[in-house]
1. Please arrange T59, T26 by counting, for each residue, the other beta carbons lying within 10 Å of its beta carbon, fewest first.
2. Hey, can you rank 29-37, 92-100 by average C-beta count inside 10 Å, highest first?
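Where a number appears in this text, it was derived from the coordinates with a stated rule and is not lab data. This one's a predicted model, so the numbers in the text were calculated from it and none came from an experiment. With ideal geometry, Cβ positions are generated from the backbone for all residues, glycine too; neighbour counts draw on all protein chains shown.
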Amino acid sequence: MKHRMALASLLLLLAGCPRSPDSLATPYLVTNTNWVTIPEDGVAGFLVKLSSRPASDVTVTISRLGGDPDITIPSDTVLTFGDLSLYWNRYQVVKLAAAPDNTLQVMGSS
């Protein structure tokens, strides 16, 4: 069984920096995908960067907001994007893990 999580189910906190380009504020967060599929008892990830150079260093905190309770964030939950370097436009990895389900799957059942 695979777990699928919308990144909107994660809380991406960024001081003065939204997740969406719909906001007038810049920079905003850019991810390489909107969904992550995680194999049961496995790990998968997604990438995060800023849309433009920030005026100062920016810290992003990644935490769960909701979704499948079997999904956790095993990696560092704080990302830093520097204003004086090229790191603001380089993707940083966020890993997600899915615990094994305690459900029994029977072939051919619905």
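1. In order of increasing Cβ crowding within 10 Å: T59, T26.
2. Details: 29-37: 14.9, 92-100: 17.3.
Peptide ranking by packing, descending: 92-100, 29-37.
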